[in-house]
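Here the structure is laid out as structure tokens; the discussion comes afterwards.
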Amino acid sequence: MSTADEQIRISSTVKSELEHRRREGESFNEVLERLLSDDRDVFAGFGAFEGTDRGERIREVHDRGRARSTERIERIAESRSDE
């Protein structure tokens with residue numbers, strides 16, 4: 001691993017975001033290089049749930065949330081029509 005050529009100041013919010021995106025064993029410089037790369041694979045991660053039930057569970061959570069939102073909107077619409 002090389003030593004730092006330059007130092008930059010970043011906010012604690014940016015540092016937290018970088019730490020969140022940091023992969024195991026990755027330096028902050030490597031995180032930044034990966035995130036700033038112009039040739040990033042936009043399809044990276046597709047199929048990550050293949051062979052698991054995680055994708056289906058995520059869809060179920062999403063569908064439940066959508067159903068609750070729809071119900072809430074309907075209740076609000078009904079309450080306003082009563083006025």
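Could you work out how much longer the chain between Glu50 and Glu6 gets when fully extended? Use 0.36 nm per residue separation minus the Cα distance between them, nm to one decimal.
In short, 11.7 nm is gained.
Between Thr70 and Val42, what is the label-to-label distance in nm when each label sits 7 Å out along the Cα-to-Cβ direction?
With each label placed 7 Å out from Cα toward Cβ, I get 3.0 nm.
When only DSSP loop residues count, what GluC sites (Glu not before Pro) in the range 1-81 have their Cβ near at most 15 other Cβ atoms within 10 Å?
Those that pass, being in a loop and sparsely packed, are Glu6, Glu24, Glu26, Glu50.
Let me know the longest stretch in the chain that avoids all trypsin sites (Lys or Arg not before Pro) found in a DSSP loop with at most 15 other C-beta atoms within 10 Å. Please report the intermediate quantities before stating the final value.
Working: sites that count: Arg9, Arg22, Arg23, Arg40.
Looking at the chain, 41-83 is the longest stretch - no exposed trypsin sites (Lys or Arg not before Pro) with at most 15 other Cβ atoms within 10 Å.
By how many nm would the segment from Lys15 to Glu33 lengthen if fully extended, with 0.36 nm per residue of separation less the alpha-carbon distance?
5.0 nm
If I model a spin label as a point 7 Å beyond the Cα along the Cα-Cβ vector, how far apart are those points for Ser79 and Arg57 in nm?
Taking the simple label geometry, Ser79 and Arg57 are separated by 3.4 nm.
What percentages make up the Cα-Cα pair-distance distribution of the chain when the bins are 10 Å wide from 0?
12, 23, 22, 20, 15, 6, 1
Here, each number is a calculation from the coordinates, and none is a lab measurement. Computed from a predicted model, the values in this text were never measured in an experiment. In this analysis, Cβ positions are derived from the backbone assuming ideal geometry, glycine residues included, and neighbour counts consider all displayed protein chains.
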